[in-house]
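The values are calculated or read from the model by the stated rules, or taken from the named source; none is laboratory data. Since the model is a prediction, treat every value here as computed from it, not as a measurement. Virtual Cβ from ideal backbone geometry, glycine too; neighbours counted across all protein chains shown. Surface areas here come from the heavy atoms of the whole protein model, side chains and all, with no ligands, DNA or RNA. Shrake-Rupley method; radii C 1.70, N 1.55, O 1.52, S 1.80 Å.
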Amino acid sequence: MPEVGKKIPALKGHTGDDTELKLSSLKGQWLVIYFYPKDSTPGCTTEAQQFRDLYAQFRKRNAQVIGVSRDSVRSHANFAAKQQLPFPLVADTDETWCQAFDVIHEKTLYGKKHLGVVRSTFLVDPDGRLAAEWRGVKVAGHAQAVLDAIPTT
């Protein structure tokens, strides 16, 4: 798990349009990597919409947004199309990204415990170092808080 100030791992994965995304190819800009539990669920949809609605402002700050969940490429393609998402969604079906950022933990749903993705966001500086992290995210206002954490140039 990366620590604030340390380099993040050189991960790669397939996106909703089935292209390979390599984090190493995105150096030189800010990266917002947000992990969410499941495509097309209420909280995850709201979170994606908030990042979508602020996307132009993220780009003005030289930042790229990347969503990550354990859903399939096909699921991501459908979700991104339905929500008109302008940023990539990585299909982390083998949990490589989730494990690298330590976002899979025990959760309780309807009184039953299970392992699931804890909604988390990581801000990576243009040099590839972790600048900030948010864990156990509450959706309301979160995308704006992340945007506010990126310096204006």
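What does the charge dipole of the chain about its Cα centre add up to, to the nearest 20 debye, if the Cβ of each Lys and Arg holds +1 and the Cβ of each Asp and Glu holds -1?
Working: 20 positive and 17 negative charges, 41 e Å.
Magnitude of the dipole: close to 200 debye.
With Cα atoms as the point set, segment 1-109 shows a radius of gyration and Dmax of 13.5, 40 Å. Once the cut-off is 13 Å, how many percent of the Cα-Cα pairs in segment 47-87 end up in the long-distance tail? Pairs farther apart than 13 Å: 53 percent.
Compare the Cα positions of 26, 99, 150 along the charge dipole of the chain (+1 at Cβ of Lys, Arg; -1 at Cβ of Asp, Glu; about the Cα centre) and return the one farthest towards the positive end. The Cα lying farthest towards the positive end belongs to 150. Evaluated over the chain, the count of Lys pairs having alpha-carbon atoms less than 16 Å apart is 9 (only pairs 8 or more residues apart or interchain).
Counting only heavy atoms of the protein chains, get the accessible area per residue of segment 1-142 (1.4 Å probe) and round it to a whole Å² value.
Details: 7250 Å² over 142 residues.
Each residue of segment 1-142 exposes 51 Å² on average to a 1.4 Å probe.
Taking 31, 85, 115 as the candidate residues, the one with maximal mean-square fluctuation in a Gaussian network model of the chain, Cα springs under 10 Å, is 115.
Looking at the calculated P(r) for segment 57-153, what percent of the C-alpha pair distances fall above 21 Å? Kindly include the intermediate steps, with their values, before the conclusion.
Working: 1962 of 4656 pairs.
In whole percent, the long-distance tail amounts to 42.
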